[in-house]
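These notes concern the structure reproduced below.
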Amino acid sequence: MTEYYIMEKFDPEQFVMNEVLTSTECIELLGITRARLSSLIRKKKIVPIKKGGVQLYLKQDMLKKKAELEALRLKYRPYEY
């Protein structure tokens with residue numbers, strides 16, 4: 001059986017707007033401080049995309065990290081929830 005796939009035109013600008021985060025957006029999404037973000041980068045827990053002095057992050061990766069951080073917060077700081 002032959003399968004057909006309809007390919008949509010790839011819009012790089014739309015991809016960047018929807019799937020890429022800046023450091024500030026990443027901090028807000030994860031609910032952490034800039035110092036904590038720097039610590040996670042140094043420990044290689046988060047790997048940014050560096051381009052022209054700007055660090056960018058894939059939204060999908062940050063959503064996974066957010067779930068991981070929330071699970072750790074619940075485990076080690078249950079009194080906050």
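The values are calculated or read from the model by the stated rules, or taken from the named source; none is laboratory data. Model, not experiment: these values are computed from the prediction. Counting neighbours? That spans all protein chains shown, and the Cβs are built from the backbone with ideal geometry, glycine included. Each accessible area value is taken on the protein alone, full model and side chains, heavy atoms only, with ligands, DNA and RNA left out. Shrake-Rupley method; radii C 1.70, N 1.55, O 1.52, S 1.80 Å.
Note on the chain: with neighbouring protein chains present and a 1.4 Å probe, carbon and sulfur make up 57 percent of its accessible heavy-atom surface. When the charge dipole of the chain is built from unit charges on Cβ atoms (+1 for Lys and Arg, -1 for Asp and Glu) and taken about the Cα centre, the candidate among Phe10, Ile32, Ala67 whose Cα reaches farthest toward its positive end is Ile32.
Could you do me a favour and compute the accessible area per residue for the chain, 1.4 Å probe, result in Å²? Write out the running numbers ahead of the final one.
Numbers: 6980 Å² over 81 residues.
The answer is 86 Å² per residue.
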